[in-house]
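Structure first, then comments.
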Amino acid sequence: MSLSEDFLPGEELHPIDLVEHIAEHHEWDFDRVAEDQIAMAVEGQWRTYSITLAWSDHDETLRLVCTFEMEPPADKLPQLYETLNRANDMCWTGAFTYWHEQRLMVWRYGLVLSGGQMAGPEQVSRLISSAVAASERFYPAFQLVTWADQSPEQAMQVAIAEAYGRA
């Protein structure tokens, strides 16, 4: 059964209510932090990702932040930043950044829903799965450049193409 079959046509849900329903559907651990914010843990192949979605009435944007810990040695930061730039050149729906003080790699995306638009369940599900897919795709490259003394060019070879399906 698709996610959209759980909703009645014309039924308007707060975007975070929708995210909560999706988290329940996938049996992800989640915490409704506030009326306009939810945090969840989504298991990937490489690690568990912390995902937070927040709704902003001010600019009518559903913001997604997907994080995972990353503690590169200080001398590797220039290579990590170059790898981030290369990864972002290959991404169309979001971008990576590194929050040095928090020691977190971050994938960010904002879904603008101006004019009273409503996000559908498949759209929100795709938003979350895209964040996890991008993190999974580039995680090995970030690790190789940080811990295996590979150049950004070499490290990015593991992320040269998106993988589809399972082997």
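The values are calculated or read from the model by the stated rules, or taken from the named source; none is laboratory data. Remember, predicted model here, so these are calculated numbers, not experimental data. Positions of Cβ are generated from backbone atoms using ideal geometry, with glycine treated the same way; all protein chains shown enter the neighbour counts. Please note that ligands, DNA and RNA were not included when accessible areas were found on the heavy atoms of the full protein model with its side chains. Shrake-Rupley method; radii C 1.70, N 1.55, O 1.52, S 1.80 Å.
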Item to complete: Rounded, prolate or oblate: pick one for the range 106-155, where a ≥ b ≥ c are the square roots of the eigenvalues of its C-alpha gyration tensor, a/c under 1.5 means rounded, and failing that, prolate if a/b is larger than b/c, else oblate.
Response: prolate
Worksheet item: In degrees between 0 and 90, to the nearest 10, how far off the longest principal axis of the chain does helix 15-26 point, with axes built from Cα atoms?
Response: 70 degrees
Fill in: Cα-Cα P(r), the chain, percent of pairs per 10 Å interval
10, 36, 32, 17, 4, 0
Discussion item. Within 10 Å, at most 15 other Cβ atoms, and a DSSP state outside H, G, I, E, B define an exposed site. Report the longest part of the chain free of exposed trypsin sites (Lys or Arg not before Pro).
Written reply: 104-165
Worksheet entry | Alpha-carbon centroids, the range 10-87 and the range 113-161: separation in whole Å | 12 Å
Item to complete: Multiply the residue separation of residue 47 and residue 117 by 0.36 nm, subtract the distance between their alpha-carbon atoms, and state the gained length in nm to one decimal.
Response: 21.8 nm
Discussion item. Considering only protein heavy atoms and a probe of 1.4 Å, how much of the accessible area of the chain is carbon and sulfur, as a whole percent?
Written reply: 48 percent
Discussion item. At most 11 other C-beta atoms within 10 Å and a DSSP loop state: those are the exposed GluC sites (Glu not before Pro) I care about. Give me the longest piece of the chain that has none.
Written reply: 36-100
Worksheet item: Hey, got the dipole for the range 28-150? About the Cα centre, +1 on K and R Cβ, -1 on D and E Cβ, debye to the nearest 20?
Response: 280 debye
Worksheet item: Local charge sum around residue 35 (other residues, Cβ-Cβ under 12 Å, Lys/Arg +1, Asp/Glu -1)?
Response: -3
Worksheet, complete the sentence: Counting only protein heavy atoms and rolling a 1.4 Å probe, one gets per residue an accessible area for the chain in Å² of 58 Å²
Item to complete: Kindly write out, for the range 39-55 in residue order, the coupling ³J(HN,Hα) from the Karplus curve 6.51 cos²θ - 1.76 cosθ + 1.60 (θ = phi - 60°), rounded to whole Hz, with x marking Gly and Pro.
Response: 10, 8, 10, 10, 6, x, 6, 8, 5, 8, 9, 8, 10, 10, 10, 9, 9
Worksheet item: Toward the positive end of the charge dipole of the chain, about the Cα centre and with charges on Cβ (Lys, Arg +1; Asp, Glu -1), which of 62, 152, 88 goes farthest?
Response: 152
Discussion item. On C-alpha positions alone, give me the angle between the axis of helix 121-147 and the longest principal axis of the chain, in degrees, nearest 10.
Written reply: 10 degrees
Item to complete: Starting from the Cα-Cα distance between residue 100 and residue 69, subtract it from 0.36 nm times their residue separation and give me the gain in nm to one decimal.
Response: 10.1 nm
Fill in: Virtual paramagnetic centre 7 Å along Cα→Cβ of residue 158, amide N under 15 Å, in the range 72-95
72, 80, 83-84, 87
